[in-house]
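Chemist: The structure follows.
The values are calculated or read from the model by the stated rules, or taken from the named source; none is laboratory data. Just so it is clear, the structure is predicted and the values come from calculations on it, not from any experiment. Here Cβ is always computed from backbone atoms with ideal geometry, including for glycine, and neighbour counts include all displayed protein chains.
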């Protein structure tokens, strides 16, 4: 029977069999991911929107175009979920919020225009973690990036986005083991 199949028929059969083999092992992974997402080990309220500290000097172009606060919130949420921590945005003041509360501020951005041609870009944050008003820890972190691979094709916002992505991961690590005056990144 296989002799009579055309080349097209053989390729189609190979694709179907390959897809079946690939899907056969997928269900347990999906269940494991679902159970982690459905039953987080802890829940943390994130004060949103994430603000710039009063002392932060940020170029207007960065404020207007880069959306760093939104990106940082997104990355904190994503990396924390991978660590079995559910992040709940407050969408306003957190005074009187029970449970764990994370207050993150962007304290400094070094971002001369010109993308990778003007050198590395840096973002610095501070964060405080409290539970029912009592301090669990504080964090100060800075990340600096030159843009990585193909940096000459990246703009300032893209490079700052790399910094913010790594800071989101740093904050998720801090949430798993908070301490007072913790330092991470390029400090």
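Chemist: Scan segment 43-53 and give yes if some residue there is at pLDDT below 95 and either exposed (fewer than 10 other Cβ atoms within 10 Å of the Cβ) or not assigned by TED's automatic domain parsing to the domain that holds residue 108 (or both), otherwise no.
Modeler: no
To keep it simple, each residue is scored yes or no on (1) touching a residue at least 60 places away in the same chain (Cβ under 8 Å); (2) outside any strand (DSSP E or B).
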| position | (1), (2) |
| --- | --- |
| 96 | no, yes |
| 101 | no, no |
| 113 | no, yes |
| 157 | yes, yes |
| 165 | yes, yes |
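Chemist: Could I ask something else about it? Quick check on segment 160-172. Is at least one of its residues farther than 21 Å from residue 53 by Cα and out of contact with any helix residue (DSSP H, G or I) (no Cβ under 6 Å at 6 or more places or on another chain)?
Modeler: no
Chemist: If we keep just the residues of segment 115-128 that are out of contact with any helix residue (DSSP H, G or I) (no Cβ under 7 Å at 6 or more places or on another chain) and not in a helix (DSSP H, G or I), which is nearest to residue 46 (Cα to Cα)?
Modeler: That would be 128.
Chemist: If you don't mind, there's one more thing I want to ask. Quick check: anything in segment 87-105 at pLDDT 95 or above, closer than 24 Å to residue 155 by Cα and in contact with a helix residue (DSSP H, G or I) (Cβ under 9 Å, 6 or more places away or on another chain)?
Modeler: Within segment 87-105, none of the residues are at pLDDT 95 or above, closer than 24 Å to residue 155 by Cα and in contact with a helix residue (DSSP H, G or I) (Cβ under 9 Å, 6 or more places away or on another chain).
Chemist: Mind counting the residues in segment 170-179 that are assigned to a helix (DSSP H, G or I) and surrounded by fewer than 19 Cβ atoms within 10 Å (Cβ to Cβ)?
Modeler: Within segment 170-179, residues that are assigned to a helix (DSSP H, G or I) and surrounded by fewer than 19 Cβ atoms within 10 Å (Cβ to Cβ) number 2.
Chemist: May I pose another question? Residues 56, 61, 81: which one is surrounded by fewer than 18 Cβ atoms within 10 Å (Cβ to Cβ) and assigned to a loop (DSSP other than H, G, I, E, B)?
Modeler: 56
Chemist: Given 182, 116, 127, 149, which one is at pLDDT below 95 and surrounded by 17 or more Cβ atoms within 10 Å (Cβ to Cβ)?
Modeler: 116
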